[in-house]
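Right, one structure below, let's go through it.
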Amino acid sequence: MILVTLDYIFEPGDGADAMDNDRAPGLVTRSHSMVGYLEGNKQEGRTVKFKNLQHVIGTAPLNPNTDYYIEFGLSVNNYLDDGPNVQKLADAVEQIPNIHLLFSHGWDLYSSRVYGWVEPHTTLQCVFDRIALHKKAFENIDNKRIHYWVGNTAEVKKLQGHFPGADVRYYSIYPMRMIAKQYENQLPFYKAPDTTTSRTKHFLCMNNYAKAHRTDTVKYIIDAEFESKFNLSYLKPDDQSLQRILDGKFEMNNIEQWQDVVSHDIVNDSYLYIATETHCEPLWKFGRHDGQDCKYDNVIFKKTDKEKWQSMEIPIDGWVSEKSLKSMYYELPIMIIGIPGQLKVLQDLGFETFPEFYDESYDSISYYGERFDIIKQNIHRLSNTPIEEIHELYYSDSVQDKLRHNKQLFIQMVKNDPYMQFYDYINCDADTYIKKFPAFSEYQDKVFK
């Protein structure tokens, strides 16, 4: 099995980048789905860059016992993945049985659908469906040659239903990326302190970019006079009076270096974790709100249709980010301030949650105001609980069993990462890795073996 990436597909310029949200529609040839891997330890010959599809088509039949997995990405703005090249791709590889199609997206994948008001419809309609596009294009290809590695539990279920027998799996870049950033920052593998250590704060709550639900949360904590119970940060609020610096005044231009890492001293001084996720409403209104025209027409609207740009919605379901998954690595019971159902996503992935601490009914409430009321009640009740009681419950056998289970499952997600088969972390050359990342040997032992 060889993982193939393409410079372009048919003609120079027809490749696309999954991170480019202002591009012409087309297939993504740069997925960014292997974030967190060290280039130097790729297994030789297992990942190959080809110039274009014709190059692969000319090579694969000469090696019939080798499967060629051509990797394509999926875009957050899913309607950008439209275009004739999807069907052209299917037609080109249909008769070559050892060419496989891999569609990968392990980060912010919200949905395959877009809803909006587009002529001639007068009511909210599904105006684009990427899964339907793929199903039609790939109808003559054996599903065993189709692969979807996606970081969204709802999309996994949909894809499994539409492509029975295909390789459809949940894949998140975040566990591997988080682990990589730990040893790159020369942090030891995290282990929670034992029961003899008394922590001084009830909660850890970290906030980065300004978002309405983050502002609501920080303002409530401050106004209710609970700030002394928190290790609290808010790096980039719109209201500078809400800015809180916890373990560094980090800047956005190097966010990838610090967003996955938390000071162990701060974690070890907190019993509970509040994750303020990326979104708080179960839909994403996208488009240009700066008054500028879009560069390209697409399947939904013309580039000058500013009103239609601003009326489209992508539903968000089945997704969590590193903000929630930090609780698993750092062994902290979690409450999520985000869209409804994100706690259920963690449960669907096999993680344990913590009704011992939180009223978790908030997770099933669709209306944000009502959901946030229960979240505030949780904060109020726990902030007024003596920290000695929090300590005793945190170190109870049942809670510790859950925390250990979650940590082990998190590490297992790294071990089962589908891209791991192309890398060799067990037999890393000491001169290349351990000298550069002194903490790597510990992760090599605890994670990669």
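The values are calculated or read from the model by the stated rules, or taken from the named source; none is laboratory data. The model shown is predicted, which means the values in this text are computed figures rather than measured ones. Neighbour counts run over all protein chains shown; Cβ positions are idealised from the backbone, glycine included. The protein model used for the area step is the full one, side chains on, heavy atoms only, and it has no ligands, DNA or RNA in it. Shrake-Rupley method; radii C 1.70, N 1.55, O 1.52, S 1.80 Å.
For beta carbons closer than 7 Å, sequence separation of 6+ or different chains, a first residue in segment 408-426 that is among the acidic types (Asp, Glu) and a second that is open to solvent by 10 Å² or more (accessible area, probe 1.4 Å) and assigned to a loop (DSSP other than H, G, I, E, B), the qualifying pairs are Asp424/Gln43.
Checked against the criterion of being of a type in the set (D, E, K, R), open to solvent by 30 Å² or more (accessible area, probe 1.4 Å) and under 24 Å from Trp107 (Cα atoms), the candidates Glu360, Glu281 yield just one match: Glu281.
Only residues that are part of a helix (DSSP H, G or I) and touching a His at 6+ places or on another chain (Cβ under 6 Å) were counted in segment 130-157, giving 3. Taken over segment 337-355, the criterion of being touching a residue at least 60 places away in the same chain (Cβ under 8 Å), under 17 Å from Asn378 (Cβ atoms) and of a type outside the set (A, V, I, L, M) is satisfied by Gly338, Gln342. Residues in segment 66-108 that are buried (at least 21 other Cβ atoms within 10 Å of the Cβ) and of a type in the set (Asp, Glu): 2 in all.
When every residue of segment 407-418 is checked against the conditions, none turns out to be open to solvent by less than 70 Å² (accessible area, probe 1.4 Å) and of a type in the set (S, T, N, Q). Pairing residues of segment 367-387 that are farther than 22 Å from Gly341 by Cβ and modelled with pLDDT of 95 or more with residues that are in a helix (DSSP H, G or I) and not basic (Lys, Arg), at Cβ distances under 8 Å and at least 6 apart in sequence or on separate chains, gives Leu382/Ile390.
Please verify whether segment 78-100 includes one or more residues that are within 21 Å of Gly45 (Cα to Cα) and under 27 Å from the mean Cα position of the chain (by Cα). Yes, segment 78-100 contains a residue that is within 21 Å of Gly45 (Cα to Cα) and under 27 Å from the mean Cα position of the chain (by Cα). Of Tyr362, Tyr394, Tyr443, Tyr358, all but one fail to be touching a Ser or Thr at 6+ places or on another chain (Cβ under 9 Å) and aromatic (Phe, Trp, Tyr); the exception is Tyr394. Residues being touching an Asp or Glu at 6+ places or on another chain (Cβ under 8 Å), more than 26 Å from His147 (Cα to Cα) and part of a helix (DSSP H, G or I) are entirely absent from segment 383-392. Pairs are defined by a Cβ separation below 9 Å, a sequence spacing of at least 6 or placement on different chains, a first member in segment 110-131 that is free of Cβ contacts under 8 Å to residues at least 60 places away in the same chain and basic (Lys, Arg), and a second member that is part of a strand (DSSP E or B) and open to solvent by 60 Å² or more (accessible area, probe 1.4 Å); the pairs so defined are Arg130/Arg113.
Scanning segment 103-129 for residues that are modelled with pLDDT of 95 or more and assigned to a strand (DSSP E or B) yields a total of 5. Scanning segment 158-173 for residues that are open to solvent by 40 Å² or more (accessible area, probe 1.4 Å), assigned to a helix (DSSP H, G or I) and in contact (Cβ under 8 Å) with a residue 24 or more places away in the chain gives Lys158, His162. For segment 422-448, a residue qualifies if it is open to solvent by 70 Å² or more (accessible area, probe 1.4 Å) and in a helix (DSSP H, G or I), and the qualifying residues are Asp445, Lys446. Just name the residue that is farthest from His162 (Cα to Cα) out of those in segment 109-150 that are open to solvent by less than 50 Å² (accessible area, probe 1.4 Å) and of a type in the set (Gly, Ala, Ser). Looking at the filtered set, the residue picked out is Gly116.
The number of residues in segment 1-58 that are of a type in the set (A, V, I, L, M) and open to solvent by 60 Å² or more (accessible area, probe 1.4 Å) comes to 2.
Across segment 174-212, the number of residues qualifying as among the basic types (Lys, Arg) and either surrounded by fewer than 16 Cβ atoms within 10 Å (Cβ to Cβ) or within 24 Å of the chain's Cα centre (by Cα) (or both) comes to 4.
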